[in-house]
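S.K.: Take a look at the following structure, please.
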Amino acid sequence: MMGGAFTFNHFVYLLQGMMWTVVLSALAFVLGGVAGFGVMLMRTARTRLLRQISFVFVQLVQGTPLLILLFVVYFGLGVVGIELPPLLAAGVSLMVYSSAFLGEIWRGCVESVPRTQWEASECLALTRWQTLVDVILPQAARIATPPTVGFLVQVMKSTSLASVVGFVELTRAAQVVNNSLFTPFLVFGIAGVLYFALCYPLSRWSRSLERKLNVGRRQAA
Amino acid sequence: MSAVVKLHDIHKSFGSVEVLKGVSFEIEKGEVVAIIGRSGSGKSTALRCINRLETIQSGTLEVCGHRVDDQSLDLRALRQDVGMVFQSYNLFPHLTVEQNITLAPRRVKGVPNREARALALESLQRVGLAEKIDAYPEQLSGGQQQRVAIARSLAMQPKVMLFDEVTSALDPQLTGEVLRVMETLARGGMTMAVVTHEMAFARRVANRVIFMHQGKVWETGPGDMLADPKTAELRDFISNGL
């Protein structure tokens, strides 16, 4: 098969890899979003200890390459007898990674809602949780949407790192095809186009959300 | 008549700066008290201590039977008895006027959703804005927003209302419409503490005026005292203010 031509079957193989890229991204985003919400709650908590713990967590994750995180989860846990399948290892790593970044993005959005909104709610006898759910989060969500979607684009591209633990997503699929055909320019070019096809619509969406937000800002001021 | 708000020898510092240096005064039920004074005299801080937006360092503070200086105070019970209106309105921009008004009654007092609109309407009628029930805050003028903020506070049926420089962000015409609403409230028997720069309002509507200076109650008396100040500081404050 070495040196053969790029066929439709190769393309289908790449598309299957692309599907796994989407699955992994979705996994990272959903799990990372849930955990990130927790991180955001801890970072804005009234208890100092919770704030400190979450601060250290965020700093550790943000100061470590995702690749290292992936190695620790996949190979590190393997050494102590916890064997994770590549999808799970990659999913867990990306979840941890996303939770730190999303938690920090969302903390900023929550804190950008004026303190006086908390005060007004407090004066109406609303609890802290009621205030968060009914008053703060709806306002923070509008601010949070563009950077959140922007981060989704980054996560999607970062899933390519999962190829190093043998998970066959788009990048790994392209490597496999290239190993048999040795037409790197063509194969990786197609992989690049497929990544672009996934990310570009999201980037556009993020930008249009940003524009919409600016309109809202002008009215809210 | 018994006092519903009692401050006795209140001390409050921000860091090393002492803003309240032994403040004492009482507000009777149904009484309207205007608190005046320069910026930095501690008048807003005193007001904010009353519903525990600020905690005091020493002194005793009792509001509607709640010991506000007590650590074990039930904050939410206190806040249900004390309404507050701010200089910057602080309406919730993502909610309609109706939702702004009914959020707390629904969440805190369990008012059913089908009764909420009637409650909002009733509160809005008291501030003359019933027709704005479905508007968003950004569609209203500053004066209208402030009147909605008053309606929002009224919907919780507070026993005492605190007003923190509520007209300071408004032009004279809009100031007038807000002051008229407050005057109607006062005539209706609401217990009110009003931090204000509106001397004419203090004189005409307040049963009693408290002049604060350098973190202390400097002079106190009926509205007429503004025409005949006893202390040099109040005389100075009034002549500079005009």
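S.K.: Per-residue ellipticity at 222 nm for chain B, helices alone: DSSP H runs ≥ 4 residues times -39500 (n - 2.57), over residue total, nearest 500 deg cm²/dmol?
M.R.: Values: 8 runs with 88 residues, N = 242.
Result for chain B: -11000 deg cm²/dmol, rounded to the nearest 500.
S.K.: Got a sec? Which residues of region B:64-99 lose 30 Å² or more of accessible surface with every protein chain in place, vs. that chain alone, 1.4 Å probe?
M.R.: When all protein chains are present, B:ARG76, B:ARG79, B:PHE86, B:ASN90, B:PHE92, B:PRO93, B:HIS94 each give up 30 Å² or more of accessible surface.
S.K.: Picking from B:LEU78, B:ASN90, B:ALA3, whose Cα lies most toward the positive end of the charge dipole for region B:3-241 (charges on Cβ: Lys, Arg +1; Asp, Glu -1)?
M.R.: B:LEU78
S.K.: Relative to the present Cα-Cα distance, how much length would full extension add between A:SER112 and A:PHE8 at 0.36 nm per residue of separation? Before the final figure, lay out the partial values.
M.R.: Details: separation 104, 0.36 × 104 = 37.44 nm, distance 5.08 nm.
In short, 32.4 nm is gained.
S.K.: When N is the residue count of region B:22-181, what does its C-alpha Rg come to as a fraction of 2.2 N^0.38 Å? Before the final figure, lay out the partial values.
M.R.: Working: Rg = 16.3 Å, N = 160, 2.2 N^0.38 = 15.1 Å.
It is 1.08.
S.K.: Which chymotrypsin sites (Phe, Trp or Tyr not before Pro) from region A:1-72 combine a DSSP loop assignment with at most 15 other Cβ atoms within 10 Å? Show your work: numbers first, answer last.
M.R.: Values: sites: A:PHE6, A:PHE8, A:PHE11, A:TYR13, A:TRP20, A:PHE29, A:PHE37, A:PHE55, A:PHE57, A:PHE71; in loops: A:PHE6.
For chymotrypsin sites (Phe, Trp or Tyr not before Pro) across region A:1-72 that sit outside H, G, I, E and B with at most 15 neighbouring Cβ atoms in 10 Å, the list reads A:PHE6.
S.K.: Give me the percent relative contact order of chain B, please, defined on Cα pairs under 8 angstrom at least 6 residues apart.
M.R.: Details: 458 pairs, mean separation 64.0, N = 242.
The normalised contact order for chain B reaches 26 percent.
S.K.: Also, quick follow-up: With labels modelled as points extended 7 Å from the Cα through the Cβ direction, what inter-label distance (nm, one decimal) is found for B:LYS216 paired with A:PHE188?
M.R.: Result for the modelled spin labels: 8.0 nm.
S.K.: I'd like to check one number: the per residue accessible area of the protein assembly as shown, probe 1.4 Å, reported in Å² as a whole number.
M.R.: Ligands and nucleic acids excluded, the figure is 47 Å² per residue.
S.K.: Out of residues 5 or more away from B:VAL32 or on other chains, whose amide H comes under 5 Å of its own, with H placed 1.01 Å from N in the peptide plane?
M.R.: B:MET192, B:ASN207, B:ARG208
S.K.: For B:ASP224 paired with B:ILE238, estimate the spin-label separation in nm (one decimal), with each label point 7 Å from Cα along the Cα-to-Cβ line.
M.R.: Result: 1.2 nm between the two label points.
S.K.: Using a 1.4 Å probe and counting only protein heavy atoms, how much accessible surface gets buried when B and A come together, both sides summed, in Å² to the nearest 100?
M.R.: Working: alone 11300 and 12330 Å², together 21780 Å².
In total, this chain pair buries about 1900 Å².
S.K.: Count neighbours as other Cβ atoms within 10 Å of each site's Cβ, and list the trypsin sites (Lys or Arg not before Pro) in region A:1-57 that are DSSP loop with at most 15 such neighbours.
M.R.: Answer in residue order: A:ARG46.
S.K.: Could you list, in their original order, any pairs among B:LYS29/B:LYS132; B:LYS29/B:LYS216; B:LYS43/B:LYS230; B:LYS132/B:LYS216 whose Cα atoms are separated by more than 30 Å?
M.R.: Working: B:LYS29/B:LYS132 32 Å; B:LYS29/B:LYS216 23 Å; B:LYS43/B:LYS230 19 Å; B:LYS132/B:LYS216 42 Å.
B:LYS29/B:LYS132; B:LYS132/B:LYS216, as the Cα separations exceed 30 Å there.
S.K.: Check B:VAL68: other-chain or 5+ apart residues with amide H under 5 Å from its amide H, H built from backbone geometry?
M.R.: The answer is B:LEU61, B:GLU62, B:VAL63.
S.K.: With 10 Å bins from zero, work out the P(r) of the protein assembly as shown over every alpha carbon pair and list the percent per bin.
M.R.: Bins of 10 Å from zero give 4, 16, 21, 18, 13, 11, 8, 5, 2, 1, 0 percent of pairs.
S.K.: Report the local net charge at A:LEU41: Lys and Arg +1, Asp and Glu -1, summed over other residues whose C-beta lies under 15 Å from its C-beta.
M.R.: Numbers: positive: A:ARG43, A:ARG46, A:ARG48, A:ARG51, A:ARG107, A:ARG128; negative: A:GLU104, A:GLU111.
Its environment carries a net charge of +4.
S.K.: Residue by residue through region A:184-196, what is 3J(HN,Hα) from phi via Karplus (6.51 cos²θ - 1.76 cosθ + 1.60, θ = phi - 60°)? Round to whole Hz and write x for glycine and proline.
M.R.: My calculation for region A:184-196 gives x, 4, 5, 5, 6, x, 5, 4, x, 4, 5, 4, 4 Hz in order.
S.K.: B:LYS216's amide H: which non-local residues (gap 5+, or another chain) put their own amide H closer than 5 Å, with H modeled 1.01 Å from N in plane and none for Pro or chain starts?
M.R.: B:LYS21
S.K.: Determine the gain in length on full extension of the stretch A:VAL23-A:VAL80; use 0.36 nm per residue of separation and subtract their C-alpha separation, reporting nm with one decimal. Intermediate values should be presented prior to the final figure.
M.R.: On the way: separation 57, 0.36 × 57 = 20.52 nm, distance 2.77 nm.
Result for the pair: 17.7 nm of gain on full extension.
S.K.: Within region A:43-134, list the GluC sites (Glu not before Pro) lying in a DSSP loop whose Cβ has at most 11 other Cβ atoms in a 10 Å radius.
M.R.: Working: sites: A:GLU83, A:GLU104, A:GLU111, A:GLU119, A:GLU122; in loops: A:GLU83.
Answer in residue order: A:GLU83.
S.K.: Any aspartates and glutamates with Cα under 14 Å of the B:LYS109 Cα? List them, leaving off those in the same chain fewer than 8 positions away.
M.R.: Within the straight-line limit of under 14 Å, B:LYS109 reaches these aspartates and glutamates: B:ASP81.
The values are calculated or read from the model by the stated rules, or taken from the named source; none is laboratory data. Values in this document were obtained by computation on a predicted structure and should not be read as measured data. Note: ideal-geometry Cβ built from the backbone for every residue, glycine included; neighbour counts use all protein chains shown. Heavy atoms of the whole protein, side chains included, go into the accessibility calculation; ligands, DNA and RNA do not. Shrake-Rupley method; radii C 1.70, N 1.55, O 1.52, S 1.80 Å.
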